[in-house]
There are 4 protein chains.
Amino acid sequence: MASTFGERVQVSVFGESHGGGIGVVIDGLPAGVPISEETLYTFMARRKPGGSPFSTPRKESDRPTILSGLYEGHTTGFPLCATIGNTDTRSGDYKALADLPRPSHADYTAYLKWCGQADMRGGGHFSGRLTAPLCVAGGIALQILAQKGIFIGAHLQSVGSAQDIPYPMRPDVDTLLAPGKKAFPVCDDTAADAMQAEIKAAAKERDSVGGTIECMILGLPAGLGDPMFDGMENRIAGAIFGVPAIKGIEFGSGFACAAMRGSQCNDPFCIDENGDIATKTNHSGGIQGGITNGMPLRFRVAVKPTPSIGKPQQTVSLSKHTEETLVIQGRHDPCIAHRAVPVIEAVTALVILDMLAEL
Amino acid sequence: MASTFGERVQVSVFGESHGGGIGVVIDGLPAGVPISEETLYTFMARRKPGGSPFSTPRKESDRPTILSGLYEGHTTGFPLCATIGNTDTRSGDYKALADLPRPSHADYTAYLKWCGQADMRGGGHFSGRLTAPLCVAGGIALQILAQKGIFIGAHLQSVGSAQDIPYPMRPDVDTLLAPGKKAFPVCDDTAADAMQAEIKAAAKERDSVGGTIECMILGLPAGLGDPMFDGMENRIAGAIFGVPAIKGIEFGSGFACAAMRGSQCNDPFCIDENGDIATKTNHSGGIQGGITNGMPLRFRVAVKPTPSIGKPQQTVSLSKHTEETLVIQGRHDPCIAHRAVPVIEAVTALVILDMLAEL
Amino acid sequence: MASTFGERVQVSVFGESHGGGIGVVIDGLPAGVPISEETLYTFMARRKPGGSPFSTPRKESDRPTILSGLYEGHTTGFPLCATIGNTDTRSGDYKALADLPRPSHADYTAYLKWCGQADMRGGGHFSGRLTAPLCVAGGIALQILAQKGIFIGAHLQSVGSAQDIPYPMRPDVDTLLAPGKKAFPVCDDTAADAMQAEIKAAAKERDSVGGTIECMILGLPAGLGDPMFDGMENRIAGAIFGVPAIKGIEFGSGFACAAMRGSQCNDPFCIDENGDIATKTNHSGGIQGGITNGMPLRFRVAVKPTPSIGKPQQTVSLSKHTEETLVIQGRHDPCIAHRAVPVIEAVTALVILDMLAEL
Amino acid sequence: MASTFGERVQVSVFGESHGGGIGVVIDGLPAGVPISEETLYTFMARRKPGGSPFSTPRKESDRPTILSGLYEGHTTGFPLCATIGNTDTRSGDYKALADLPRPSHADYTAYLKWCGQADMRGGGHFSGRLTAPLCVAGGIALQILAQKGIFIGAHLQSVGSAQDIPYPMRPDVDTLLAPGKKAFPVCDDTAADAMQAEIKAAAKERDSVGGTIECMILGLPAGLGDPMFDGMENRIAGAIFGVPAIKGIEFGSGFACAAMRGSQCNDPFCIDENGDIATKTNHSGGIQGGITNGMPLRFRVAVKPTPSIGKPQQTVSLSKHTEETLVIQGRHDPCIAHRAVPVIEAVTALVILDMLAEL
C-alpha cells in the first residue's frame, strides 16, 4: 500500500498538509514496553521546522496526541495511533499553483494519476510534513530497539560540496549518537560551518542545496535478513525511498565498489580483539546475501535540493497547455538534508523492528 | 518472502546451485498473450555463462522446461512454472570451503542464520545461477511489455575505471535496445575495448572487477506508481537488491543531486516538439513523488567485483576459530557486471508488469 | 497484520475500549468521490448501542472526526483517518475481572499471548466497540459501491429458534435494503416479534442468545475474484471472522449442500427474462471457482450469544490457580446479532471495494 | 495472489489439469528438518484417485519429483519445489464442453474473467487434481509439525444423510489419527457402510453426493493467533476455501451456537486432571478472540456434491446464447468428500506451520 509499510510491525501514515491533521498507526508493537514521551519529543524536535535559520519558519508544536496503544507509559500490545493537528496552514500560498505544477514536485504526477481530483494543497499527502508522524513511529521504535541494545545513528555527510568525515568503521554508541545531539547533525563540527555556509549561500540566491546522509546501526544480531528479495538492503531501500527527496541509496562502499578490484572490495575475515569473528574492512556494510554479519550496518542516501525555490522557474499551464514562468511565494527550507537525518533514523528503526519481529 | 516478490504479478524463485534443478513460478500473468520461446532463449543467452572469454566456463544449456502456464504459445492465465536442470555441478570444488567462509560471500551469514544447516554447496540458493530463472520470468515479462509499447534496456556504464557514454536523455527504442544486441552490452563500442581490458587485467592477476549498469524504460504510462512507500523507486529498489552483488541504486541523477542547487536539479516543464508536456532535463529520472511523469524512467546500479577470486585471502575456520588463508579453486567470472545487464532488465520488467497490473 | 486487512484498499483499525479513542485508517480510496457524512451517520446509527431495549445502555455519540482523506465532501485520494472518542468508560466494572477471565471472552487468550501485559480493560482491542470504526470505513465503502451500482444488504435470519424468511433468490435493491431501514433488521416483521421475545426471555434470565445473519450483494460485475486462495469466499471469510463473535460462514446453500445430490445442488444455466445468461437456482451463492458469476452473491454467518451474561459462571483465578465463581456486573447486550448486521455489511463492502480496485 | 498463500511459510501451487505438469513451491521452511519421502507418499496415497470403487478411475502415479529444498533427507532452508507429471490426460473428454459450460463448475466464470482465453481443458487450474501438490506441501508440513508435537487429523463426518460420530472433546493422538489410517476415513466403521451406500446409490443414478469433514488439531501452543483480521479463524478459513468444492466452515459449535443461550455456549474454565487450566466444554473450538486457548482446535467444513454428474443437465451455448442439454461423458467421482479429508489436513498444516513461524 502507498502509505503503509512493514510486515510484522506495520506503519500506516495519514494526513494532508492542509487537512484536519496528520498521524500514524503502528500495528504489531509488543506489549508492556516502557516508552518515554519526553524522549520521543526530544527526538521529534530534531526534525522540527523553525528550529534554526536553516529551516522553514512554519511553526507547529508537532506534539502528537497518542489515542491508543500506550497506557500509563507502556505499550498495550494493540495498534498505537498518534495524531498531530495542522495549525499553521496558509493555503493562499499554494492555491495559485494548482494550474502551474512546480518543477520536481509531485504536483504534475498527482494531477496525472488522480485526474486533478487529489487534494494537493501544500503538497497534500506528499508534503514533507508527513515525515513528522514517521518520526513519532520511528522515535518509538528507536526506544524499543535501544532496550534491546540496538542503536541507530545518522549524520549529514555532505551538503553541496562540503563534506563531513564518515563514521569510524566500528564506532562506539556515544560516537554513533553524538551528531543527533548537536544542533547541526555532523561528526566533525568544522564541517558544520562549511555546510551552513553552503546553505546560506543558496538561500541568499533564493535557491536550495542537496546533501547526503550516512546512517549506521550498532548491535544488530548477526543472521538477520533473508536471501534474495527480503534481504536487509531490499527492506531498507524499499522503505527509505518513502522519505521525500531521496534519490539514491548505497550500502557499505556502494557505488565505490564498482571501481574496485575484488581483492580490495572483499572483506577478509579475522578474529577481533574480543575474540569474535569479524571482518577487517566493511565494504559490505555489514550485509552478505541480504543477511547481517555482525559488523555495523552502514548505508548512505542522497537527498536532492529542496524543489521549492524562490528563483523563477519554467513550468506549463495545465489548462492552457502553454509554457509559463513560475515564482514560488512563501519561504521554504533552503536545505532539507539536515532535517532528514532523524527521518532516516526513524524509518530505519521501523524496518529493523519489523525484521526483528520475524525472528 | 525471501525468494518471492510482486503484488499482482508474483515471482517465486527456487533451487540451489547443486540441487536437482532451479526454476521460477510466475503467478498473475494475463491470459492469451503470445510468448515466443525463441525470443525468450535469445534473451536468456545474454546472461549465459561460457558465452565469452570474460565469463565462467561452467557450461549449461539453461534451456528451461515450461511445465504450466503456457499452451500453444500463449499464456493460459494460470501460474507459469519453468524449471532448469542442473547438469554441470562439481561439488568437489566447493566442499572444502564449508569450514572456511569465502570473504564477501553469503557463506558466513548463511552459517549464522541457519546454524550450519542450510545446503550451501556452490553458494546454494545464493548462487548467481539463480539469476537464470529470473531471466526466464523477466524475459516473458519483457515480451508482454513490448506488446504494450513499453521497452526496457540497459547497458554497462562502467567497468572499473572504464566508462561507457550514458543513454541520451530521450533515446528511441532502437538506441535503447542496441546494447542488448551486442556481444558486450555497451552504447559506445570503443568503451567495450577499455572495459574488456580492465576485465582481462583483473583476470590475469586472479582478481575481479566491478561495474555499473544504467537502465532505462521507455513507453511507461504517466501516472504510474503510488506515494510514499509504494512508489516506483521503492518497488524497483526493493526488487533490484534481490540481484546478487548489487550494492547501490540511484534514480535520475541520484547521488549527483546531492551536490546540486535546486535551480540545477529541478526539471523545468516544457511543451516538447510533439506538443506534449515534458521536462527539459531529467534529473528526476522520470519519477516525482514515486509516480511516473512520462519521461524515460532511468536508474543506475552498482555491481561489486565478483567475490570469488583466485588470490589468497584471509578467512577464519568456523570449527577452530582461527584465522586461515583461503585460496578459492575453480574458475570464476572476473567480472559479472556485463552478465548482470539482462538480469537488471528482467527484474525491472517484472516490477513494471506487476505495477501495470494494478492500474 | 492483526488489525489490518485488504490488498489495494487497506483498512487499519485501532483503539482500546477504555483508551483515549478508537478509529480507522483507510488507504487506497479513489480521489474525488462524493461522500455524505449524514448518510454515514445514518448507517452508523444502526449499530449504535443504546438504541433499543435490546442493547447495552452505554451511551456514546460515536460520531467520528475525519482528520484526513475527505475535503469538501469528496475523497482526497489519500488515506482517510477517522477517530471516535471514548467518553463513557467505567473501568471499575471490569477491573475485578483481571484475575478471573470471563468464559468465552478473549481475556484468557490475551493473558497467554501477551503474558498479562496487554491493556484488556473493557476487553481492550477485542471489544465489540471496535466495530464502530469498521462501520465508519464500511459506511464509506458502501457509498462508493452504490455509486457503481453495487448494493449490499443483510438481515437477521434467526435469533435462537426464531427464524426470518430468507431473501428472495433475486431481490430488487429496495427489497435488499429494506431490513436496514427498520428498527429491527428483518425481512418479515412478524419474525421480529418472535426474535425480540427470544431476546427478552434471555435477558430476563440474565442470559444471552445467538443468531444468524444473511448477507447479499447485488450488482457485482461477473468475473470478479481469483482461483484458489484469492477467491471471493477466501477474501470474504478471511475478513468476516474479524468481526467478534462470528463462529461460522457458508456461501450459497453452504452446509445444506453436504446433504444434497449433485443434481439438486448444481445450478443449471438458463437464459433469463432479460435475455442474459443466469442460473435457475443459486446454491452456489453467485460464486464458482472463487469468481462471481453474475448472480447475487449470498452468504450466511453464525453469531454466538453475547459471552457476557449476568448468570454466575465457573472460571479460574489466574493468580491462585483455583476454580472460582464469576458474576459479571454491569449490563450487557442480551443479543448482539442484530447490531452485527450493519457490521457484516460494512466489512463485506470493504472486501468488495478492495477486490474491485484490482480490476 | 490467486494460487499462493501464507505469510512466513508461503505455498505457491501451479499447473493445469492437461498441461505439462503440476507442482508446488514452499518458501520459508526451516533448514535441517528431516523429511521422510515414504511417509509423504503414504500421506499422498490417501487422496489418490483410483484407490477405491468410490473414486475416479484416472490413474496417475502422482509421485512428486523434488527439485530443490530437500537434500539427503533434510530441508535445505531454501524453497522446496516439487513437480508431478501429467500422464493420463484425455483432452477429448472435455473439448466438447468448451462452448457448453458445466453447471456449478468454474467453466463459465473462467470464461467471463479471461474472455475465453484461459486454458480450461479438464478444468485447467481449477481441477481437483491441483490438490495433489497441496498434499505434497501439506504432507511435509505435517511431518514438521509432528516433530513439534502438533498433530492434525480429520474424518468424514457425513455423506448425504449418513453421519459419523464426532471426535471426542479431547481425543488422544491415536484416536485423532485413526481415521486417516483406514481405507475410508471415519471414526466409527459402521458409519462407513452407510456412507458408502449413499455414494453407491448416487453413482448408480449417475449422480453425486456431498459431505462434511471434521478437522482437529492437538498440541497447538496456547496464545497463537492475533486479534481481529489475523486470527486462527481468519487464517484457516482464508486458506481452506482454496480447496475446491468447500462451501462453508464453522469453528467449534459453529452454526449451532446461533441457537444457543450464552449460558450453554460459553465454555467455563476449570482445572483439569493434569492440574492445567482448561475449559469444561469446547463450543469455542479452542479459539477465543482469534487466539488459541490450549484446547483442541476444531472446525468443520461442508463439501458440495461433485458437480460433474452423468445425468443430463441444462446449460447454455456460449456461442449461440441458447439453452442446451449437456451430458457429461467420462467417469467422475460420485463423491469427493472422502478424498478431500487429507487435503483439509494438508492445508490446515500449512496454515499452522505459517503461524508458528511468526512466534
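The values are calculated or read from the model by the stated rules, or taken from the named source; none is laboratory data. Quick caveat: nothing in here was measured; it's all calculated off a predicted structure. In this analysis, Cβ positions are derived from the backbone assuming ideal geometry, glycine residues included, and neighbour counts consider all displayed protein chains. In case anyone asks, the SASA skips ligands and DNA or RNA and just uses the protein heavy atoms, side chains included. Shrake-Rupley method; radii C 1.70, N 1.55, O 1.52, S 1.80 Å.
Quick notes on this structure:
- Considering only D:T322, D:G252, D:M295, and ranking their Cα positions along the charge dipole of segment D:239-359 that arises from unit charges at the beta-carbon of Lys, Arg, Asp and Glu, the one farthest toward the positive end is D:T322.
- Near A:G21, the amide H atoms lying under 5 Å from its own belong to A:E16, A:N86; only residues 5 or more places off or on other chains count, and H is placed 1.01 Å from N.
- Per residue of chain B, the DSSP helices (runs of n ≥ 4 H) give a summed -39500 (n - 2.57) that works out to -7500 deg cm²/dmol at 222 nm.
- Label point of D:D189 (7 Å along Cα→beta-carbon): distances to the other copies' equivalent points are 6.1, 8.3, 9.0 nm, sorted ascending.
- Scanning residues 5 or more positions from A:I291 or on other chains, those with amide H under 5 Å from its amide H are A:M232, with H placed 1.01 Å from N in the peptide plane.
- When chain C is described by a simple charge dipole with +1 on each Lys and Arg Cβ and -1 on each Asp and Glu Cβ, the residue from C:G21, C:T76, C:S308 located farthest towards its positive end is C:S308.
- Distance distribution P(r), the protein assembly as shown, all Cα-Cα pairs, bin width 20 angstrom from 0: 10, 38, 38, 13, 1 percent.
- Each Lys or Arg adds one and each Asp or Glu takes one away; over the other residues whose Cβ falls under 9 Å from the Cβ of C:T76, this sums to -2.
- Label-to-label distance, B:A45 versus C:T325, with points set 7 angstrom from Cα along the beta-carbon direction: 8.8 nm.
- Translational diffusion of chain B was estimated from the Stokes-Einstein equation, with Rh taken as the Kirkwood radius over Cα pairs; at 20 °C and 1.002 mPa s the coefficient is 100 µm²/s.
- Local electrostatic count at A:A2 - Lys and Arg +1, Asp and Glu -1, tallied over other residues with Cβ under 9 Å: -3
- Paired Rg and Dmax values of segment B:215-335, which use every Cα atom, in angstrom: 21.1, 71
- Rounded FRET efficiency, nearest 0.05, which uses the C-beta distance separating C:E72 from D:S161 and R0 of 60 Å: 0.50
- Under the membrane-span-like helix rule (DSSP H runs whose alpha carbons stretch at least 18 Å along the helix axis, mean Kyte-Doolittle hydropathy 1.0 or higher), chain A yields A:131-147, A:337-356.
- The magnitude of the dipole of segment A:131-218, with charges of +1 and -1 set on the Cβ of Lys/Arg and Asp/Glu and taken from the Cα centre, is near 280 debye.
- The Cα atoms of segment A:131-207 cover 46, 31, 16 Å along the three principal axes, with the biggest extent listed first.
- Cβ-defined net charge surrounding D:I352, 15 Å radius [Lys, Arg +1; Asp, Glu -1]: -3
- Ranking D:D276, C:D174, D:D188 by solvent-accessible area of protein heavy atoms (1.4 Å probe, all protein chains present), from largest to smallest, gives C:D174, D:D276, D:D188.
- The calculated FRET efficiency for the pair D:T65 and D:T175, based on their C-beta separation and a Förster distance of 35 Å, comes to about 0.50.
- When the Gaussian network model of chain D links Cα atoms closer than 10 Å, the mean-square fluctuations of D:E233, D:E250, D:E205 top out at D:E205.
- Counting only Cβ charges, +1 for Lys and Arg and -1 for Asp and Glu, the dipole size of chain C around its Cα centre is about 960 debye.
- For the protein assembly as shown, a crude dipole built from +1 on the beta carbon of Lys and Arg and -1 on the beta carbon of Asp and Glu, taken about the Cα centre, is about 0 debye to the nearest 20.
- For C:Q147, the distances from its label point to the matching points in the remaining copies are 3.4, 4.4, 5.4 nm, ordered from shortest, with each point set 7 Å beyond Cα toward Cβ.
- Only protein atoms count toward the accessible area here, which uses a 1.4 Å probe; on chain A, the carbon and sulfur part of that area reaches 51 percent.
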